[in-house]
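Visitor: My questions all concern the structure below.
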Amino acid sequence: STPLVNFRRGDANQDGGHDISDGVFTLLHLFAGRTTECPDALDANDDGELNLTDAVYLLNWLFIAGIPTPPPGPAEAGLDPTDDELGCISYAG
């Protein structure tokens, strides 16, 4: 089973914050093979899947005053309250 690791949803590049680079990281993961040890951090909309809507959701929140990412985050790291298949092995943020 996947260990339980605290993370911030939407902090795809694990730098501890949320900005355009997280959206870019998500797109690189989806379309250019960038790897991650914390897929849950990329699941910005917390639907249990990694796809284009995660990057769109995150960028909408950051630049068009959309809905913030669901817990855990953005203010505080924590465990994922949603039961899905993604998981988080390690998170540096």
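The values are calculated or read from the model by the stated rules, or taken from the named source; none is laboratory data. Computed from a predicted model, the values in this text were never measured in an experiment. All Cβ positions, glycine included, derive from the backbone under ideal geometry; neighbour counts span all protein chains shown. Note: areas computed on protein heavy atoms with side chains; ligands, DNA, RNA excluded. Shrake-Rupley method; radii C 1.70, N 1.55, O 1.52, S 1.80 Å.
Visitor: Find, among the chymotrypsin sites (Phe, Trp or Tyr not before Pro) in region 1-88, those assigned to loop by DSSP (not H, G, I, E, B) with at most 11 other beta-carbon atoms within 10 angstrom.
Guide: Hits after loop and neighbour filter: nothing returned.
Visitor: How big is the chain in terms of Cα radius of gyration and Dmax, in angstroms?
Guide: 11.6, 38
Visitor: Could you work out the helix-only [θ] at 222 nm for the chain, with each DSSP H run of four or more residues adding -39,500 (n - 2.57) and the total divided by the number of residues, to the nearest 500 deg cm²/dmol?
Guide: After summing the helix terms and dividing by the residues of the chain, the value is -9500 deg cm²/dmol.
Visitor: Would you tell me the accessible area of Leu59, worked out with a 1.4 angstrom probe on the heavy atoms of the protein chains, in Å² to the nearest 10?
Guide: Its heavy atoms expose roughly 50 Å² to the probe.
Visitor: Using Cα springs under 10 Å in a Gaussian network model of the chain, which residue among Asp46, Asp83, Asp22 shows the largest mean-square fluctuation?
Guide: Asp83
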